[in-house]
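Peer 1: Below is the structure I would like to discuss, written out as structure tokens.
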Amino acid sequence: MRAIFVTRLSNRQTQLINQLIEALNVTDIGLYLTVDRSRLRRERDAGRNLDRLLVRPSRIVTYTNPPPLPRPRADMSVLRRFEDSAHGPWIWRLLHADGQLLGGGVSQRELTYEPRTRDTRRLLALADGLLVGIEDLFRAIQPDFVYGPETDKLGALLLKAYAMSQGIPSFRFSTTRLGNYLGVNADVGDTLWRVPEVYEAYSDGREAAEERRDAARRLVEPAGNLTARTYAFGAPRARSLVRRGLAGLQPYRVTRAFRKVITQGAFSRAYIRELSQAYLYFPLHEEPEAGLKLYSYWEQDQVECIAKISRAVDMRYMVYVKEHPVMHLRKLSHYREMLRYPNVRLMSPRIHGKEAIRRSCGVLTISGTAGLEAIVMGKPVVIFGGASWDILKSVLVVRDYSTAPARMREYLEAFDPASARADLEHYALAILDVCRPADDVVGLGEMAREFLKSC
């Protein structure tokens, strides 16, 4: 079997790729690196990981982030051929996401989301040049599948879209946010493989042993089993106090600290500190985020989403918005825009997220994990984007704002915590049946093999 791996050569990714190579009997590999060669020379771990992967026949294409912008070319034949074979428009969506992710990622003072260049022809030439290298890599390897956890670089996005256009299966391991379990899906935000059908079977009455049901109940206990980050190979290595102190002095960290003080000072009088009114809770996403900027097709602008929500909620509720704990580079004008609406308030950042959920009448989110936390805590959840767990029957998914007010009111009035709890346990049973613990690398390899057989 032949494969292409999209990777930045972290220790965990390298270990997992080696396990996949063994489990799937991969004989020829292509590496599409999302780090440049200068970083490989600087970082001993990345260089050592590359040596560990090069013990097999392989071909490497290095993607530099950001790559140099080429001069405009008249010939865009590769780009046109890709667009024709991809069964739908991809290029503008990927270039837009690239500007959002790269522009936000390199911001030091505040998020600007400026594209690489405003010269459209050069952007198209960049995508065309990347596709030429991708075509060469696919021609050389002739892969049976693509494994790509990296989804925030233009080259990686184009590579996965190209694989799809050629009918080559592509997959990644995604956290279920329940315990330490990982599932397989094609991309960020996609439904986890086989989970919906098994979940439907349990919802329709499939029996499970009492021990299995106990394990599912423990998995969704409100005490805090949700993991925002899953470590497949143990916790990260502890750093010395000196290294941690030096890391805290990096320019962007210092800038974030100043921005935090400025933001909290500017809106100190506007913050809600007492949660006495009936409210719906909207936790803001960290930005830039691939799940929001690329995979939430219906909603990407959080300020615009809040504006629509403010017109759709019942007059009995206020909408309380709380900033993400690590997000301090948003423009002050974003917060002022939110506060233009009479039923929208900013929640004090000193209030813990779980306390905000517990005291709320429901949670509104585009695709954040806070929604799943709310269901675990017995609260109604409305999703305006997409998430791997939006298949839950106890969750309301809004795509059409013309019907949103009536649907939201009906849903919030009819929500039954006991039914939602039973629904969540069915979902947890499906996770236990299909997914594997992150430290079970053998089980992950078997799950990947079964996924590829089903493609």
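The values are calculated or read from the model by the stated rules, or taken from the named source; none is laboratory data. Small disclaimer: the values here were computed from a predicted structure and weren't measured. In this analysis, Cβ positions are derived from the backbone assuming ideal geometry, glycine residues included, and neighbour counts consider all displayed protein chains. Quick note on the areas: whole protein, heavy atoms, side chains included, nothing else; ligands and nucleic acids left out. Shrake-Rupley method; radii C 1.70, N 1.55, O 1.52, S 1.80 Å.
Peer 1: Cut-off under 19 Å on the C-alpha distance; same-chain residues fewer than 8 positions from Lys308 excluded. Which aspartates and glutamates are left, in chain and number order?
Peer 2: Hits, sequence-local ones excluded: Glu299, Glu323, Glu337, Asp400, Glu410.
Peer 1: Please give the residues of region 256-279, grouped as numeric ranges, whose backbone N is less than 16 Å from a label point set 7 Å along the Cα-to-Cβ vector of Arg350.
Peer 2: Under cut-off, by backbone N: 261-276.
Peer 1: Would you please give the residues with an amide H less than 5 Å from that of Ile366, counting only those at least 5 places away or on a separate chain, with H modeled from the backbone geometry?
Peer 2: Phe384
Peer 1: Within region 315-455, count lysine pairs with alpha carbon atoms under 18 angstrom apart where the residues are 8 or more positions apart or belong to different chains.
Peer 2: Lysine pairs meeting the criterion: 5.
Peer 1: At what distance in angstrom do the alpha carbon centres of region 152-209 and region 330-355 lie from each other?
Peer 2: Rounded to whole Å, the Cα centres lie 33 Å apart.
Peer 1: Per-residue HN-Hα couplings for region 22-32, Karplus 6.51 cos²θ - 1.76 cosθ + 1.60 at θ = phi - 60°, whole Hz, x for Gly and Pro?
Peer 2: Values, residue by residue: 5, 5, 9, 6, 7, 9, 9, 10, x, 10, 9 Hz.
Peer 1: Just to be sure I understand the model, the point goes 7 Å from the Cα along the line to the Cβ. What's the resulting Thr27 to Ala140 distance in nm?
Peer 2: Rounded to a tenth, the inter-label distance reads 1.9 nm.
Peer 1: Rounded to whole Hz and in sequence order, give me ³J(HN,Hα) for region 394-408 from the Karplus expression 6.51 cos²θ - 1.76 cosθ + 1.60, θ = phi - 60°, writing x for Gly and Pro.
Peer 2: 7, 10, 9, 9, 9, 10, 10, 6, 5, 9, 4, x, 5, 5, 5
Peer 1: How far apart, in nanometres, would the label points at Ala307 and His96 be if each is projected 7 angstrom from Cα along the Cα-to-Cβ direction?
Peer 2: It is 1.6 nm.
Peer 1: How much of the accessible area of region 389-432, in percent, comes from carbon and sulfur atoms when a 1.4 Å probe is used?
Peer 2: 55
Peer 1: Modelled label-to-label distance, Phe258 and Lys393, 7 Å Cα→beta-carbon offset: nm?
Peer 2: About 5.5 nm separates the two model spin labels.
Peer 1: Also, I was wondering about something else. Hey, what do the phi angles of region 2-14 turn into as Karplus ³J(HN,Hα) couplings, whole Hz, using 6.51/-1.76/1.60 and θ = phi - 60°, x for Gly and Pro?
Peer 2: Working through the residues one at a time gives 10, 8, 10, 10, 9, 8, 10, 6, 6, 4, 5, 4, 5 Hz.
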